[in-house]
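Novice: So that we are looking at the same thing, I have put the structure below in structure tokens.
Read-outs: derived from the displayed coordinates by stated rules, not from any lab. These numbers were taken from a predicted model, which means no experiment stands behind them. As a convention, Cβ positions derive from the backbone with ideal geometry for all residues, glycine included, and neighbour counts pool all protein chains shown.
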Amino acid sequence: MTHELSHERFETLKREFDAIDGDGDGFITEAELRSHFPALPPEAIGALDRDADVDADGRFSLEEFIRLTGARD
Ligand SMILES: [Ca+2]
Ligand SMILES: [Ca+2]
């Protein structure tokens, strides 16, 4: 289920996702998040995990990433 998102916005988020997804496996792990945002405190990453990891598999899919970041418009 995706909420309304412009194509342009989707492409932007997808590029952002791919940039963070260092090994390109289609999922963002906590380690990838940390290496992409070295300044991010562990608490922030922990909060991200709880809020955004909808299926609780310990990593972010593109859908979860878009739900998290795309909802902030
Ligand atoms: Ca990855
Ligand atoms: Ca997940």
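Novice: State the extension gain, in nm to one decimal, for the chain segment bounded by Leu5 and Asp55, taking 0.36 nm per residue of separation less the distance between their alpha-carbons.
Specialist: Details: separation 50, 0.36 × 50 = 18.00 nm, distance 2.13 nm.
Using 0.36 nm per residue and subtracting the Cα-Cα distance, I get 15.9 nm.
Novice: Angle check, please: helix 7-20 long axis (alpha carbons) against the longest principal axis of the chain (alpha carbons), in degrees 0 to 90, nearest 10.
Specialist: That helix lies at roughly 20 degrees to the long axis.
Novice: Right, something else. On C-alpha positions alone, give me the angle between the axis of helix 42-52 and the longest principal axis of the chain, in degrees, nearest 10.
Specialist: 40
Novice: Another question, if that's okay. Above 13 angstrom, tally the Cα pairs of the chain and express them as a % of all pairs, no decimals.
Specialist: On the way: 1706 of 2628 pairs.
Of all Cα-Cα pairs in the chain, 65 percent lie more than 13 Å apart.
Novice: Sorting Glu11, Glu32 on the 10 Å Cβ count, fewest up front, what's the list? Walk me through the numbers on the way to the answer.
Specialist: On the way: Glu11 11, Glu32 18.
Neighbour counts put them in this order, fewest first: Glu11, Glu32.
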